[in-house]
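The structure under discussion appears below in the form of structure tokens.
Bear in mind that the values in this text are calculations on the coordinates, not laboratory data. Nothing here was measured: the structure is a model prediction, and the numbers come from that model. FYI the Cβ positions are ideal-geometry reconstructions off the backbone, even for glycines, and counts take in every protein chain you see.
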Amino acid sequence: MMLIVADSGSTKTDWRIHTKSHGIREIQTIGLNPYFLTVEEITLVLEKGLHPFLNKKEAARVFFYGSGCSHAEQILKIETALANFFSKADVSVESDLLGAARALCGDMAGIVGILGTGSNTCVYNGQKIVKQILSLGYILGDEGSGAVLGKKVLKSVLSGKMPKELVLDFKKDYPFSEDSILGEVYSQPFPNRFLASYAPFAVKHLKDEWMKMLIHDHFTDFFDQMITIYEDYHEYTLNIAGSIAWYLQPVLEELCMEYKMSLGNVIKRPIDDLVKYHLDHDQD
């Protein structure tokens, strides 16, 4: 039976297709957040992105982990789209947070976080999520995320608070006008992705003292709002998935020391560890 594992964030979806005859195939499509896409739009992405690489009539076990997949109504949208595409599939749809927990911790307990375009955290007992905060999105929450970090970078440029030498380099990397930026943020779809596109500038200048302080304050908000909310947080190891965590791990290590926590596994993308998890746990 074909094994298909997907990890979907706000920006992109990583797919792995495993068969005994062909091994593992890697595919990437756009992010499939059910809050932003209809069933028909999701199905169309599947047709264009997956159809050329597999026989959709073949029996398959599909594990889909996605942002926005925490409530029944949104899960149903993904399940319906997958059922429309695969004619003989056993489909499981779970949150991207559970996917990160399984990839990072396997059967071990820990606090799990996602720091990508968005952010989220939970307490995982080795089998399931037992505590979780409400994810409020990039406008009301998403502390520690790429979208919020990009927003802070952008705001510091537009407000004149960023040092001049950094602003000069910023203008080389991101030619811009105030009108175009405001238009992208307030008038175009997916402003969270647009804001997150400025986070790499912070990564690039991590060794600059001003930028490092901005990143430090950024992660302090993450710890204050999304980690210390768990009463026994210091008893757990912190494990984090996502590009923001991966590239800014040195600052996270400093914050863990300040908050008297130990930093466990940090991975850029959960997908390959998720495939291993399911090959170990879900064999025929």
- Item | Distant alpha-carbon pairs in the chain (separation over 35 angstrom), percent | 21 percent
- Simple spin-label estimate for Glu26 and Asp282 in nanometres, 7 Å along Cα-Cβ: 2.1 nm
- Whole-Å distance linking the alpha carbon centroid of the stretch 175-224 with that of the stretch 41-118 is 28 Å
- Item | Pairwise label distance in nanometres, Asn55 with Ser177, each label 7 Å out on the Cα-Cβ vector | 5.5 nm
- For the stretch 166-284, list log₁₀ I(q)/I(0) at each q in 0.10, 0.15 Å⁻¹, using the Debye formula over Cα point scatterers of equal strength and ignoring solvent, two decimals each. -0.45, -0.88
- Message: Just to check, using Stokes-Einstein with a Kirkwood Rh over alpha carbon pairs, what's the diffusion coefficient of the stretch 224-284 at 10 °C and 1.306 mPa s in µm²/s?
- Response: 121 µm²/s
- How much net charge surrounds Ile30 when only other residues with a Cβ under 12 Å from its Cβ are counted (Lys, Arg +1; Asp, Glu -1)? +1
- Can you give the relative contact order of the stretch 182-284 as a percent, counting alpha carbon pairs under 8 Å and 6+ residues apart? 22 percent
- Could you work out how far apart the two model spin labels at Lys48 and Met108 are, taking each label as a point 7 Å from the Cα in the direction of the beta carbon, and quote it in nm? 4.1 nm
- Query: Per-residue ellipticity at 222 nm for the chain, helices alone: DSSP H runs ≥ 4 residues times -39500 (n - 2.57), over residue total, nearest 500 deg cm²/dmol?
  - Reply: -13000 deg cm²/dmol
- For the stretch 74-196, what size does the Cα cloud have along each of its three principal axes, sorted from largest down, in whole Å? 54, 36, 24
- Query: Roughly what % of DSSP beta bridges within the stretch 1-148 run antiparallel, to the nearest 5?
  - Reply: 60 percent
- When the chain is modelled as a GNM with alpha-carbon springs shorter than 10 Å, which of Asn55, Asn265, Asn239 fluctuates the most? Asn55
- Mind listing the phi-derived Karplus ³J(HN,Hα) values for the stretch 182-192, rounded to whole Hz, using 6.51, -1.76 and 1.60 with θ = phi - 60°, and x for any glycine or proline? 4, x, 5, 6, 9, 10, 9, x, 6, x, 5
- Task: Provide the net charge surrounding Ser70, with neighbours chosen by a C-beta distance below 12 Å and charges set as Lys +1, Arg +1, Asp -1, Glu -1.
- Result: -3
- Message: Full-extension gain between Ala83 and Tyr186, please, as 0.36 nm times their residue separation minus the C-alpha to C-alpha distance.
- Response: 33.6 nm
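Assuming 0.36 nm per residue, please report the length gained on full extension of the stretch Leu206 to Leu136 beyond their Cα-Cα distance.
This chain segment gains 22.5 nm when fully extended.
State to the nearest 20 debye the size of the charge dipole of the chain about its Cα centre, where the only charges are +1 on K and R beta carbons and -1 on D and E beta carbons.
Dipole of the chain, to the nearest 20 debye: 680 debye.
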- Query: Going toward the positive end of the dipole of the stretch 134-263, with +1 on Lys and Arg Cβ and -1 on Asp and Glu Cβ, which of Ser187, Val153, Trp210 do you reach last?
  - Reply: Ser187
- Item | Count, lysine Cα pairs under 26 Å in the stretch 25-170, 8 or more residues apart or across chains | 16
